[in-house]
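The values are calculated or read from the model by the stated rules, or taken from the named source; none is laboratory data. Predicted model, so just to flag it, every value in this text is computed and none were measured. All Cβ positions, glycine included, derive from the backbone under ideal geometry; neighbour counts span all protein chains shown. Surface accessibility is based on the protein's heavy atoms, side chains included, excluding ligands, DNA and RNA. Shrake-Rupley method; radii C 1.70, N 1.55, O 1.52, S 1.80 Å.
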Amino acid sequence: MCGIVGFTGKHQAAPILLDGLSKLEYRGYDSAGLAVRNGDAEVEVVKAKGRLRALAEKTNNGQAMLGSCGIGHTRWATHGEPSVENAHPHASADGNVVAVHNGIIENYQELKEKLLKKGYTFYSSTDTEVAVKLIDYYYKKYEGTPVDAINHAMVRIRGSYALAVMFKEYPEEIFVARKDSPMIIGVNNGESYVASDVPAILKYARKVYYIGNLEIGHIQKGKVTFYNLDGDEIQKELVEIKWDTESAEKAGFEHFMMKEIHEQPKAVRDTLHSVVREDEKGKGKHIDLSEVGLTEEDIKNISQIYIVACGSAYHVGVAAQYVIEDFARIPVRVELASEFRYRKPILDKNGLVIIVSQSGETADSLAALREAKAKGIKTLGIVNVVGSSIAREADNVFYTLAGPEISVATTKAYSTQLIASYCLALQFGLCRGELKMDQYKKLIDELETLPDKIQHIIDDKERLQWFAAKQANAKDIFFIGRGIDYAISLEGSLKMKEISYIHSEAYAAGELKHGTISLIEDGTLVIGVLTQSDLYEKTVSNMVECKSRGAYLCGLTSYGNYNIEDTADFTTYIPKTDVHFAASLAVVPLQLMGYYVSVARGLDVDKPRNLAKSVTVE
């Protein structure tokens, strides 16, 4: 997730901007830049790839950039690799408009093509440069105010954004706008500050405005004026921030993990909208994998899929195996990356190896990718980091848009990887003739409902908190399920063990009687996952077997399956969805359960012992 800062006042801007950006480093970034204006002089732009210290060295810690008005940015690459050219700020050719941007502009390619026809040229691969030049186009076309130009651009941009914009004809002023991506504006002692998160400005201003969705702010020294999408002036109240700096970085959440659980609806929506497009003439929606690099012919020619991953990404693969095979009727094999190359795999020459990795740097996964390429097999990376090793080396890349995760235990990256696998499954099913068009479109419509359903689960988390607190002294926890429910159980068990340090295991429910049931004793917690309607009764029977041996039962199922309460001691429900997509919903209560058990045990949720966020050694 990118970071934005802005300042206009009586002091030199660049040192303040650098200090603000340093408070946003926890968000993750690959490049940074500043744009500062000294009175009526031209805007000076300085950018650097890599860590913020490289930008500080270029500018002598900001002292080399004169001027008391400016904007700054740390970039997490989404469109285009990490580079100086792709770093923000971006500017129109004549320097009329300079801006920084957080978020994703979904229709940037369409807008870019229109601007190319108007004579604009582009130096970067970013969607942000398109937004800058669109604002410039409307500013010049209608000869209006910056607010008019930004309004015209906002109406035409689809996606999420927080924009901070400087105009040549308005020295010492900044204009901001937002949709979905956060932004705050602080004022203090005749000076004004802009930031995408509280920590960047907390030491300078504790009284802030929260700019609303589809609103514009005109920022002057110590003064802010707000406008709606029609250009009418609106009033805002100043709010005093009472958080300490550490809390502010977590947006008010006690831990990053909880913050990231809450970010899942947006992360899922962003990833989905990166490939889902409106049909011509408004006839529903379709999945476009052109940016992923897979054509219809490619998909038809693939004979076998191998999904290779580690940890939670491997659990994504287990769920994806069921979904892809059911929708596309193509054989899928799921492999642990750490085992893949050592067993000297026999790979079909017409197969596709899918490597799933949040960081794109996982050592075992990268080794598996290179093994597949050495054998001449087509490869696809599902990764979250633009320009990462797997992204660079794979033949094709499907980028998830989770933004950076701070907590070691993955939540939103896992959820976006699931969404990516669903999109692949649907497109494979359609291209190979296994899904009819009406089925395909209905399933895409169901995918579109998942973010709101995830939000519903998060909003109802208090019952899970109560239940989890009573499990703080548990010694063993078993997660059981069949089919996709087994894949869900694998991830639920991992979440529990990695942050609570309670021994937990996931088992295919039918395997209990083949040995594992001997471990069940009085009070052992068994969590049964029951989202697959055709397997529901069989899993209930396995839960009854555990109960008869003294287990305490927790059921996780869809609304409507209320007869589970005759068997389970505690039940939590998720909204109904197509059974193929149940993992996206059922995992959320299990994430929350692991989190609350860890908190109840007084542990460091975000940094569990012995674990690292990105495993770059074998």
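Checking the cross-link pairs K179/K236; K259/K475; K114/K266 against a 22 Å limit on the alpha carbon distance flags K259/K475; K114/K266 as lying beyond it. Given in Å, the Rg to one decimal and the Dmax to the nearest whole number for the Cα atoms of the range 10-84 are 12.0, 36. With the Cα gyration tensor of the range 292-385 giving a ≥ b ≥ c as the square roots of its eigenvalues, does the rule (a/c under 1.5 for rounded; else a/b larger than b/c for prolate; else oblate) give rounded, prolate or oblate? It is rounded, given that a/c, with a ≥ b ≥ c, falls under 1.5.
Surface listing: V155, V332 arranged by accessible area from highest to lowest gives V155, V332, probe 1.4 Å.
When Rg and the Kirkwood radius Rh are both evaluated on Cα atoms of the chain, their ratio Rg/Rh stands at 0.99.
Please give me the summed charge of the neighbours of K453: other residues whose Cβ is under 12 Å from its Cβ, Lys and Arg +1, Asp and Glu -1.
After counting each charged neighbour, the total is -4.
The per residue volume of the convex hull around the alpha-carbon atoms of the range 175-257 is 84 Å³. Cross-link partners of K117 among lysines, defined as those whose alpha carbon lies under 26 angstrom from its own and excluding same-chain residues fewer than eight positions apart: K133, K140, K141, K168, K281. Once all protein chains are placed together, L66 keeps about 110 Å² accessible to a 1.4 angstrom probe. Given the C-alpha centroids of the range 310-362 and the range 448-519, what is the distance between them in whole angstrom? Between the Cα centres of the range 310-362 and the range 448-519 lies a distance of 23 Å. Pairs over the 20 Å Cα-Cα cut-off, from the set K10/K223; K250/K470; K118/K285; K453/K497; K10/K203: K250/K470; K118/K285; K453/K497. Residue order by solvent-accessible surface for Y170, Y161 is Y170, Y161, largest first, with ligands and nucleic acids left out and a 1.4 Å probe. The DSSP beta bridges internal to the chain are antiparallel in roughly 60% of cases. For W243, W466, the ranking by accessible surface with the largest value first comes to W466, W243, using a 1.4 Å probe. Under the rule a/c < 1.5 gives rounded, and otherwise a/b versus b/c splits prolate from oblate, where does the range 111-156 land using the Cα gyration tensor? Since a/c reaches 1.5 and a/b is larger than b/c, the shape of the range 111-156 is classed as prolate. Only lysines eight or more places from K349 in sequence, or on another chain, were considered; those with a Cα closer than 23 Å are K300, K373, K375, K378. Excluding ligands, DNA and RNA, the accessible surface per residue across the chain is 39 Å² with a 1.4 Å probe.
Adding -39500 (n - 2.57) for every DSSP H run of four residues or longer, then dividing by how many residues the chain holds, sets the calculated 222 nm ellipticity at -11000 deg cm²/dmol. Plugging the Kirkwood radius over Cα pairs into Stokes-Einstein for the range 133-206, at a temperature of 10 °C and a viscosity of 1.306 mPa s, what D comes out in µm²/s? Estimated diffusion coefficient is 117 µm²/s.
Give me Rg/Rg_expected for the range 361-435, where Rg uses Cα atoms only and Rg_expected = 2.2 N^0.38 Å with N residues. Please report the intermediate quantities before stating the final value.
Working: Rg = 13.8 Å, N = 75, 2.2 N^0.38 = 11.3 Å.
Compared with the compact-globule rule of thumb, the range 361-435 sits at 1.22.
Estimated translational diffusion coefficient (Stokes-Einstein, Kirkwood radius over Cα pairs, 37 °C, 0.692 mPa s) of the range 76-139: 280 µm² per second. Other residues whose C-beta falls under 12 angstrom from the C-beta of K118 contribute a net charge of +4, scoring Lys and Arg +1 and Asp and Glu -1. Shown for the chain: the carbon plus sulfur share of the solvent-accessible area, taken with all protein chains present and a 1.4 angstrom probe, equals 46%.
Distance from the Cα centroid of the range 131-199 to that of the range 253-268 is 27 Å (rounded to whole angstrom).
Here the relative contact order of the chain, from alpha carbon pairs under 8 Å that lie six or more residues apart, stands at 11 percent.
Loop-located trypsin sites (Lys or Arg not before Pro) in the range 420-498 (DSSP state not H, G, I, E or B) with no more than 11 neighbouring Cβ atoms inside 10 Å: K436, K475. Of the trypsin sites (Lys or Arg not before Pro) found in the range 325-361, the ones in coil according to DSSP and having at most 11 other Cβ atoms within 10 Å of their Cβ are K349.
Once the Cα atoms are used to define both axes, helix 412-431 deviates from the longest principal axis of the chain by about 80 degrees.
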